Amino acid sequence: MRSIIRHNSDSPALPDLRNLGTTLRILLAVNGAAVVAAMIGEPRWDVLPEAIVATVGAVQPPLLLALALLWALAPWLARQPYRTASFAIAAVVVAATMVAFVLVDRIVPEPAGSELRQLLLALVAVVVLLAYFRLRAKALSPAITEARLQALQARIRPHFLFNSINGVLSLIRSDPSRAEEALHDLADLFRVLMRDNRDLTPLEDEVTLCRQYLDLEKLRLGERLVVDWNVKSMPRDALVPPLFLQPLLENAVYHGIEPSPEPGTITINIFLTRGEVHAILRNPYRADGGRHHAGNKMALANIRERLALHFDAEASLESRVLRDSYEVHIRMPYRIESPPKQVPGASSASADNVVDLNRERAKPRSRTALRRLEAARG
């Protein structure tokens, strides 16, 4: 039996050198190593604090200079094969160490042999950190990560499929054309749910998917479900994790709309500010939960984990209970292109596959728009 879990066979990729989490990890690792080195090299406890300050202070100029250069070169490094990029990083770190040593030596003369020692320590730091980030990438992207995504999708599909089919059945006699459109929307929605959802996707596609989902929910909830979209300031080309919004809307319908016989409003506000994409969802809230249990926040935990996998410390998900509503606030960096992964020996066919994949992803939205246009003209 063929496994549904796909193992990533791509060549190793560099860490995102413009990511805040990557920068913080490098700073903590290098400064932590400097503290340990000072503690090992200075046995006298009375002068140990001074030794730590001196050692940590000595590594700051080359460290900060190297981080600045790597930040500037990050787009170019991301396009290179892993081996080439690794050697380039080592060369940048060596150059930064030499420049910082010359500048500092003019102010505070260093003992003889210090330059060679700093170069060796810099190279050791590069090797160790590259190995760490490679191991970390392998730990975050194997079968277990995809298994969690598969589990979340499996949890969504049966519940939603049952409700959607019931909604379509109720329309077959009273409104056959609407029932046919709903079946097309359902097919388009499940086509997206069943495809490989490891890569980032345009925000516009995610919003289209959510609109189709909410249209299907309206079949059974009718006027009880009111949706307020505020997406005029939405960056349509922003790349986001797939299915980051739909599970939250499903929770909003299940916990906010279904328990009450009165109409309820789900508000979705998506906007761009200061280089960050914000998505704020609100739905009615009842402290007693109505007919439904409070839930185990599985969707929130899953989405929070996937945001961390894609954006590290630059993304966050926060939830809170307001007076009569429940709010989820997602924040993530604004990106318009995925970091390219250069595979040695890859042919131009891979680019054609990407184009074909993008065309395939655009088809559902185009067909849906065409059907609605034809219905309006009819």
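The values are calculated or read from the model by the stated rules, or taken from the named source; none is laboratory data. Just so you know, these numbers come straight off a predicted model, no measurement behind them. Glycine also receives a Cβ, built like all others from the backbone with ideal geometry; neighbour counts cover every protein chain displayed. These area figures cover heavy atoms from the full protein model, side chains too; ligands, DNA and RNA do not enter into them. Shrake-Rupley method; radii C 1.70, N 1.55, O 1.52, S 1.80 Å.
The listed peptides 25-33, 62-70, ordered by packing as a protection proxy, come out as 62-70, 25-33 (highest mean of other Cβ atoms within 10 Å first).
When 190, 244, 162 are compared by accessible area of protein heavy atoms, the largest-first order is 162, 190, 244, using a 1.4 Å probe. Viscosity 1.567 mPa s, temperature 4 °C: Stokes-Einstein D of region 22-105 from its Kirkwood Cα radius, in µm² per second? Using the Kirkwood radius from Cα pairs, D works out to 91 µm²/s.
Residues 45, 229, 71, 76 ordered from highest to lowest accessible area at a 1.4 Å probe: 45, 71, 76, 229. Approximating the spin labels as points 7 Å out from Cα along Cα→Cβ, the residue 60-to-residue 224 distance works out to 6.1 nm. Based on the Cβ-Cβ distance of residue 107 and residue 232, what FRET efficiency does E = 1/(1 + (r/R0)^6) give at R0 = 56 Å, to the nearest 0.05? Working from the Cβ atoms, E equals 0.55. Put simply, when 203-216, 274-287 are sorted by average Cβ atoms within 10 angstrom per residue, most first, you get 203-216, 274-287. Taking the DSSP bridge list for region 205-277 and keeping only pairs wholly inside it, about 25 percent are antiparallel.
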